[in-house]
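Some notes on the structure that comes next.
The values are calculated or read from the model by the stated rules, or taken from the named source; none is laboratory data. As the structure is a prediction and not an experimental result, all values here were calculated from the model. Note that each Cβ is placed from the backbone with ideal geometry, even for glycine, and that neighbours are counted across all protein chains shown.
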Amino acid sequence: MDGFELLRTFAEVAFQGSFSRAAGRLGISKASVSKHVAALEARFNVRLLNRSTRSVSLTDAGRLLQARCAPLMEMIEQTTSELQARGSHPSGRLLITAPHGMVQTAFPRLLGDFLTSHPDVLVDLKLSNRVIDLVEEGVDMALRFGRIGDENLIVRRLRRMGLTLCATPRYWARRGIPVHPDDMRKHDVLAYSVVPGPPQIAFEVDGRPYNVPVRGRMDANDASALIGAALADIGAVCVPELLAQPYVEGAHLVPVLQDFMPGDIWLYAAYAQRRQNSAALRALLAMLEVRMRDSVPSLAVLTGAAPAPPA
């Protein structure tokens, strides 16, 4: 028998002064109440209650246990209530990780709207471009760009994002516009170095993955830095279209080889458990899905205005 249930039964008998009334409050039989108290007395090897056909009273040991377990039972009941509330009402702390580039989107605005809608929730946002172990680092949810590959994670696909390979008009005029993925072998590419190994660009040719090794004068683990370097005419950059779109719309960057870009790149939310997630996490996932639905692929994809590209 669970020790908590034994203590809970004893505490109710002590409070009610009756096995029958305690049984009614607990929703169990009088025989079960008597069995629980007897099991607790056997465990401590001491009598806790004096019993007669008409009344029940506490022994000295019973009064000691009642005094000690009363605050314990109150704490357990309060904790139980709070835990149940976490499952039904958005509250508590959420630890979220997202790529650095998300701060250039309206994602911070979305988090602000989420916190306004759910005042009992606290958010701890960690920006990182590395792929972390959600369980090991205690992360509730990770926003990620890319192909979905980790079978140990539960994934909520938020939006198919795609990649954009682009450079300034001056760079393409100087080096020539590529017409096939292999043409990028002779170009300077500003490489995204999150993925280990030699730099390469992921294409699709005839519906199949086609990776092209590239060389360049700069690599970085943050797409924002690569875009900034590309705007200085020193090379081409391949980044999520979410980040490149305002610069493309303003003609500061010109995309190429669009027909060869992979179609299985997503912005997705990853989390470690399918069941018993907190109400706060469920509410945030629901808001992300609503904001993504039928939205345009730009920096305003989550809502709000995108920052203007440089003049």
Point to revise | Sole exception among (1) at pLDDT below 75; (2) loosely packed, with under 15 Cβ neighbours inside 10 Å for Arg86, by number | key: (2)
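Conditions tested, residue by residue: (1) surrounded by fewer than 18 Cβ atoms within 10 Å (Cβ to Cβ); (2) touching a Ser or Thr at 6+ places or on another chain (Cβ under 8 Å); (3) part of a loop (DSSP other than H, G, I, E, B).
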| site | (1), (2), (3) |
| --- | --- |
| Val237 | no, no, no |
| Leu243 | no, yes, no |
| Val248 | yes, yes, no |
| His252 | no, yes, yes |
| Asp259 | yes, no, no |
| Gly263 | yes, no, yes |
| Tyr268 | no, no, no |
| Leu281 | no, no, no |
| Leu284 | no, no, no |
Study note, to complete from the structure: Cβ pairs under 9 Å, 6+ apart or interchain, first in segment 32-51 and of a type in the set (Gly, Ala, Ser) and at pLDDT 90 or above, second assigned to a helix (DSSP H, G or I) and surrounded by fewer than 18 Cβ atoms within 10 Å (Cβ to Cβ), ordered by first then second residue, are Ser32/Leu26
Exercise for review: Can you give me the number of residues within segment 39-54 that are surrounded by fewer than 14 Cβ atoms within 10 Å (Cβ to Cβ) and either closer than 18 Å to Gly3 by Cβ or small (Gly, Ala, Ser) (or both)?
Suggested key: 5
Check your understanding: So Asp188 clears everything in (1) modelled with pLDDT under 90; (2) in contact with a helix residue (DSSP H, G or I) (Cβ under 8 Å, 6 or more places away or on another chain); (3) not aromatic (Phe, Trp, Tyr) except one condition, right? Which one?
Key -> (1)
Review point. Can you name the number of the only condition in (1) modelled with pLDDT of 85 or more; (2) surrounded by fewer than 21 Cβ atoms within 10 Å (Cβ to Cβ) that Pro196 fails?
Key: (1)
Check your understanding: Of all residues in segment 220-232, which are closer than 20 Å to Gln200 by Cα, surrounded by fewer than 16 Cβ atoms within 10 Å (Cβ to Cβ) and more than 27 Å from the chain's Cα centre (by Cα)?
Key -> Gly228
Check your understanding: Which of (1) modelled with pLDDT of 85 or more; (2) in contact with a strand residue (DSSP E or B) (Cβ under 7 Å, 6 or more places away or on another chain); (3) surrounded by 15 or more Cβ atoms within 10 Å (Cβ to Cβ) does Met102 not meet, given it meets every other one?
Key -> (1)
